[in-house]
Amino acid sequence: MKMSDFIAQFLHDQGIRHVFVVSGGAIIHSVDSVAKHPGMDYICVQHEQAAGAAADGYSRASNQGIVSQKSRVGTAMVTSGPGATNLTTSICNAYFDSIPCLLICGQVTTPRLRPNAQLRQKGFQETDIVSLFSSITKYVNRVMDPHEIKYELQKALYIAREGRPGPVALDIPDDLQRMDIDVSRLREFMPPAPAKLKDNSSQIAQVLSLIRSAKRPVVILGVGVRIAGAIEPVLGFVRHFKLPALLTWAGKDLMTHDDELNMGGLGVVGPRSGNFAAQNADLIITAGTRLSQMITGGKTSLFAPQAKKVMVDIDPQELKKFTANDFKLDMGIESELAPFFEALTPAQKKPEDRFASWRAQIRQWEAEYPLCPKNKYDRANFVDGHVFVKEMSKASREGDMYIADTGANISWTLQAIEIKKGQRIFSAWNHTPMGYALSAGIGAISAGAPRVLCLTGDGGLMMNIQELATIQRYNMNVKVFIFNNGGHAIQKQTIDTWLGSHYVAVDHKTGLNFPDFVKTAEAFHIPAMRIENHSQLAAGIQKALATPGPMVCDLLIDPDQKIEPMLKFGSGLEDLNPKLPPEQVAAIMRVSAHG
């Protein structure tokens, strides 16, 4: 059997039905085999970075984002040299966000491989991707024995899915891909025996004791809860004790907006109510989040000063990373999430609701400091970012998958979005490259998402604008909404804060240039429209969503609209910009002082 045919069959047997490709001389045999397989299909993207992001989006959208040894894994095939190196950004996205992906890279033929590391290159378009990818993958290897291909594929996918998931890569020389192999001689990978679950009984008892003595507890939930398949046990624990829950950006879709225990988010861009809750809490329990500085604030030592802090994570390195300059982690619990939180939820009837007044206090802050006050709707020119997201939330339907890009647009989106039942939202949370959303949308649609709402910025779309050709070619139900403020607004705001508003390389006046996005979309044969103000907003959104197939909607956002509220480095989470009167902040922080 031809090795490339074996690869295609193996991928099919793993439940993988689509492969994202940019063809090239060193990968044509594997792409050809996928094309000839009756149960497989390939999606031609325009750039290898997009192929990697599409594979990433495919994994996130598949199986509700839950990772197990049976879950589908997004797969990309690219050629050697620049084809492989162009994957780097997208591999970083998957690695930092714990997303299983399989990247198959063609390589020059074995006689043309350099004989030693001192020789820079022997074969044309030869690059040592094993060394290059070793720090951003869970596993990478070059296949040099054709009869090791089954072993390497099995091992790579096992590693991609096990424990804390992540991307894996295989480098396969061109001459091996086209070689006939004896399938009966193929070596198989034998997974190690599952590790025994840790005995966390004493820690469970301690956590239960902390809950019993707490007056102002908060649970912080991240996307790791979804990846681990632990939504039911974790939310069961939250509901059992009626604990107020704060959701990280990546965990935003773990609970619906109207859930009585969903207290919104927290972090560098608020909301204020969630930040006040964290800063006044006497107990914080986290699951599925690494508590990055985007959550705790740049000066992490100021995070939740009154609280005992409990972190549950499968990765021991995440529990060990805190230094003397960070907050004190009182309990770092290494455990799979599902069994730990199942054990935390006693079988007896639910205890008395002791935290009703504490939840009411958080709701009061939420009402007093709304992210999108009604007067934002009054403006006659431009579209307010928050108002658009609120109106989009109303018009969206069950099953919609939001994919956000980076920049000001993601901040406005995560501040204002109202998640409904059955909806998902994701982005490249920790690496955050501009241009991710459109490419990831290609993967999500290929994985079966009924409709993708791609929320991107003008700067972000320019990074991968060529993928408009892909969504048009495959008639993908991707609605692209462009937050068009004529520049890189988040950088302008940073320059306002630190460089006295001396703008450089952030808009047309200072060096950037953007096309007419409506005309550009039409040049790609995609329907397009522009929304200039709030009077056009509701009808414009409905028209965009009702248009069959791909659609581009250009939203004219005020170039001067800032991300508000937002933390300036050096302040605690309770003290976001624009500043509240000091006495007001002091009164809010006295909640914890009064017990």
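Miscellaneous remarks
- Backbone amide hydrogens, once placed in the peptide plane, bring Lys308 within less than 5 Å of Leu283, Ile284, excluding anything fewer than 5 places away on its chain.
- Hz values of 3J(HN,Hα) by residue in segment 91-102 - Karplus curve (6.51, -1.76, 1.60), Gly and Pro given as x: 5, 4, 3, 5, 5, 6, 9, 6, 10, x, 9, 10
- Fewest neighbouring Cβ atoms within 10 Å first, the residues Ile333, Ile285 line up as Ile333, Ile285.
- Taking a ≥ b ≥ c as the square roots of the eigenvalues of the Cα gyration tensor, segment 454-595 is prolate, since a/c reaches 1.5 or more and a/b is larger than b/c.
- Sorted ascending by nearby beta carbons within 10 Å, beginning with the fewest, Asp496, Asp128 become Asp496, Asp128.
- Net charge of the neighbourhood of Leu283, taken over other residues with C-beta under 13 Å away and scored Lys/Arg +1, Asp/Glu -1, is +4.
- Geometric extent, Cα atoms of segment 143-200 - Rg, Dmax (angstrom): 14.8, 51
- Part-to-part distance (alpha-carbon centres) for segment 379-458 and segment 1-58, which is given in Å: 28
- Cβ-based exposure ranking for Leu512, Leu11, in which fewest neighbours within 10 Å come first: Leu512, Leu11
- Between 0 and 90°, nearest 10: helix 231-241 axis offset from the chain longest Cα axis: 10
- Sequence-distant residues sharing a close amide H with Arg451 (under 5 Å, placed H): Met401
- Computed from Cα atoms, the angle from the helix 356-368 axis to the main principal axis of the chain rounds to 80 degrees.
- Overall shape of segment 270-319 was characterised from the C-alpha gyration tensor. The equivalent ellipsoid obtained from it has semi-axes of 19, 12, 10 Å, in decreasing order.
- Degrees between helix 48-61 axis and first principal axis of the chain (Cα, 0 to 90, nearest 10): 60
- Point-charge dipole on Cβ atoms (K/R +1, D/E -1) for segment 26-141, about Cα centre, debye to 20: 240
- Spin-label proximity, Tyr503 to segment 424-448 - amide N less than 11 Å from point 7 Å beyond Cα toward beta carbon: none
- Here the simple spin-label model places points 7 Å from the Cα toward Cβ, and for Lys349 and Ser535 these points are separated by 6.0 nm.
- Environment charge at Lys196 (Cβ cut-off 14 Å; Lys +1, Arg +1, Asp -1, Glu -1): -2
- Backbone HN-Hα couplings from phi across segment 418-425 [Karplus 6.51/-1.76/1.60, Hz, Gly and Pro as x]: 10, 6, 9, 4, x, 9, 10, 9
- Glu368-Lys579 FRET efficiency (beta carbon distance; Förster radius 22 Å; 0.05 resolution): 0.90
- Phi to ³J(HN,Hα) by Karplus 6.51 cos²θ - 1.76 cosθ + 1.60 over segment 320-325, Hz, x for Gly, Pro: 9, 6, 6, 10, 5, 7
- Prolate is the label for segment 150-295, because a/c, from the alpha-carbon gyration tensor with a ≥ b ≥ c as root eigenvalues, is 1.5 or above and a/b exceeds b/c.
- Here the gap between Ser184 and Met331, fully extended at 0.36 nm per residue and compared with their Cα-Cα distance, gives a gain of 47.8 nm.
- Phe322 versus Gln542: modelled label distance in nm, points set 7 Å from Cα along the beta carbon direction: 5.0
- In the chain, a dipole from Cβ-located charges (positive for Lys and Arg, negative for Asp and Glu) runs towards its positive end, and of Gly457, Asn513, Ser571 it is Ser571 whose Cα lies farthest in that direction.
- Each Lys or Arg adds one and each Asp or Glu subtracts one; over the other residues with Cβ under 11 Å from the Cβ of Ile28, this totals -1.
- Model label sites at Ser135 and Thr110, defined 7 Å from Cα along the beta-carbon direction, differ in position by 3.1 nm.
- Backbone N within segment 228-246 under 15 Å of label point (7 Å from Leu197 Cα along the Cβ vector): 229-234, 237
- Chain lengthening between Met144 and Gln121 when straightened (0.36 nm per residue, less Cα-Cα): 6.5 nm
- Cα shape, the chain, gyration tensor, a/c 1.5 rule: oblate
Quick note: the coordinates plus some simple rules give every number you see, no bench work behind them. These numbers come from a predicted model, not from an experiment. Positions of Cβ are backbone-derived with ideal geometry, glycine not excepted, and every protein chain shown enters the neighbour counts.
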